[in-house]
Every structure is written in structure tokens, then in C-alpha cells.
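J.: Got a structure for you, written out below as C-alpha cells; questions coming shortly.
Nothing in this text is a laboratory measurement; each read-out follows from the coordinates by a stated rule. Small disclaimer: the values here were computed from a predicted structure and weren't measured. Every residue, glycine as well, gets a Cβ built from its backbone with ideal geometry; the counts of neighbours run over all protein chains shown.
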Amino acid sequence: MRTLSYILLSSLILLQPVMSLAQQTGDKKNVVTGNILDFRGISVSTDILGYAYTLLEDYMSGEIAIEANLGNKYYPVFEMGYGTCDFTDETFGISYKSGAPYYRIGLNYNFNNKIGEAPRNSYIYALGRFAFTRAKYDVCTPPIHDPVWGGEVSLDLTDVNGYYSWAEFGVGVNVKIWKNLRMGWSIRYKARLNQVTGNNSRMWYVPGFGNSRHTTFGGTYSIIYNIPFK
């Protein structure tokens, strides 16, 4: 049920920039002099989709991003955020708690603009990221009967150190709303690169990644402000 609700919520949120993009297909191409290394400005943004996870899941994240504009074609990006989780399994009584910052660095590639061409009101881009987090987590289980030696054993671990790194690939849309204010969304495929956890447990929730697994999907819906450079 949560998965269905997430899909419906994401679909409603993603429709607005797509409709705006369709309205901008007639944008004029205004060519200006420049090359690939021309610095055209910086943008700052925040992802609001991470806060919506609290309606559907037992974790939440908030993040900001800083993006440079090179020739209106290439956009180096640095993203950082903080993710938290406080989950208790109602069936087995296992509880998990974690909270830590995460970081991503990568590049956006503008499909619509050419080098030296003035920025369009809307464009589609491809993205690539390297991401990682170092997190401490707590795991607690109720008493479990030992079928071999008898008796009961419980697990109560606190401040277990964990490290997780992954790669992200995807596509996104960036749309001008008003003057230097823009919004956009992205869909991302995430693949685990490396994981280091405690001897008796592993990270169940990874800040910035989601539930710990080899691969997963994610997305962002961002409010963006461009700081122009002349």
C-alpha cells in the first residue's frame, strides 16, 4: 500500500514540470559567444521530496545542492543532506535507529543546449553521481530462543559504525518558473559500491540511499534559485 501511495504522490508532483516543459518547446535559440569552460553562474536548490517520505515510510531526509554552470551545457554538482530513521518491526519487535549526513558529487549534462547557446527556459539532462555516508546505528531485538544451546538471547547494539558508498545514474528536467527561480525533478537508479558494517549486524537504512540493498530507485523534486554570473 505504501508503494502504491508513493507512486501516486510522485506522479502528481512530477506532472507540473513536464507540463511546463511541453509549453516551452517553442523557445527561441539565442546564440552567444562562449566555450565549454565559460562560467555562467551558480544555483542552489533543496529537495522537498525527501520530506514527503515521512508520509509513506519510517525515514526522512533533507538535502541541499550547489551546482555550477559551465557553458550552459555541463553542470558540476555537490549535494549534501541528512537522513534519519526510527523503525520498529511490529511482527518481530526489531527496532532500528540511525541518523547521519550523506554526500554526493557528480555532473549534470544538458541535452538541449549547445556550447555557446543561451540557456533555454526548460531542458532535459542526464546525471551521474558518486555518493557515500558514514553512519552510526542502533539495533535492538526482543529475546530469541536458542534452539541449540537453549535459553534466550537478545541483541542490543548501540553506536555501531557503518560506511556505505554507491553510484547514481538518471535523467531529470529543469524548468524556469519566474526570473531566476526554477524547479525540477530527477529519477535515479542507485547501485551499491561498497559497504562496511559491524560484525553482528548490517545497516538496514542508509542515509541518502534508502533501505540497504544492492540496487534501488529514487528521485528528487527540487526548488532551485539561479545566481547569475556576468
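J.: Between Asp38 and Ile105, what is 0.36 nm times their sequence separation minus the Cα-Cα distance? Round to one decimal in nm.
T.: Taking Asp38 through Ile105 to full extension adds about 22.1 nm, to one decimal.
J.: If you stretched the chain out fully between Asp86 and Tyr225, how much longer would it get, using 0.36 nm times the residue separation minus the C-alpha to C-alpha distance?
T.: Working: separation 139, 0.36 × 139 = 50.04 nm, distance 3.23 nm.
Answer, rounded to one decimal: 46.8 nm.
J.: Tell me whether segment 119-230 comes out rounded, prolate or oblate; compute the Cα gyration tensor, take square roots of the eigenvalues as a ≥ b ≥ c, and use a/c under 1.5 as the rounded threshold. Don't skip to the end; give the middle numbers.
T.: Values: a/c = 3.57, a/b = 3.25, b/c = 1.10.
It is prolate, given that a/c is not under 1.5 and a/b is the larger ratio.
J.: Answer with one residue from Ser122, Ile105, Ile94: the one whose Cα lies farthest towards the positive end of the charge dipole of segment 83-132, charges on Cβ with Lys, Arg +1 and Asp, Glu -1.
T.: The Cα lying farthest towards the positive end belongs to Ser122.
J.: A further question on this structure: Provide the gained length on full extension for the span Lys136 to Ser154, in nm with one decimal, where the gain is 0.36 nm per separating residue minus the Cα-Cα distance.
T.: Details: separation 18, 0.36 × 18 = 6.48 nm, distance 1.98 nm.
The span from Lys136 to Ser154 would gain 4.5 nm if fully extended.
J.: I've got another one for you. Quick query: amide H of Gly219 versus all other amide H atoms, modeled in the peptide plane; which residues come in under 5 Å with a sequence gap of 5 or more or a different chain?
T.: Answer set, sorted by chain and number: Arg188.
J.: Let me ask something else about it. Let's test the formula: R0 of 41 Å, r as the Cβ-Cβ distance of Ile48 and Ser201. What FRET efficiency results, to the nearest 0.05? Spell out each step's value before the answer.
T.: Values: r = 32 Å, r/R0 = 0.79.
Result of the calculation: an efficiency of 0.80.
J.: What list of ³J(HN,Hα) couplings, whole Hz, do you get for segment 212-223 from phi and the Karplus terms 6.51, -1.76, 1.60, once you set θ to phi - 60° and write x for glycine and proline?
T.: So the J values, rounded to whole Hz, are 5, 6, 5, 9, 7, 10, x, x, 9, 9, 10, 9.
J.: What pairs from Lys97/Lys176; Lys114/Lys179; Lys97/Lys179; Lys114/Lys190; Lys136/Lys179 go past 32 Å between their alpha carbons? Can you show the working numbers first?
T.: Values: Lys97/Lys176 39 Å; Lys114/Lys179 22 Å; Lys97/Lys179 42 Å; Lys114/Lys190 28 Å; Lys136/Lys179 42 Å.
As for pairs spanning more than 32 Å Cα to Cα, those are Lys97/Lys176; Lys97/Lys179; Lys136/Lys179.
J.: Then there is this: Based on the Cβ-Cβ distance of Ile66 and Thr216, what FRET efficiency does E = 1/(1 + (r/R0)^6) give at R0 = 25 Å, to the nearest 0.05? List each step's numbers first, then the result.
T.: Working: r = 25 Å, r/R0 = 0.99.
For Ile66 and Thr216, the calculated efficiency is 0.50.
J.: Nothing charged except the Cβ atoms of Lys and Arg (+1) and of Asp and Glu (-1): what's the magnitude of the dipole of segment 96-230 about its Cα centre? Round to the nearest 20 debye. Don't jump to the answer; show the numbers that get you there.
T.: Numbers: 16 positive and 7 negative charges, 214 e Å.
So the magnitude is around 1020 debye.
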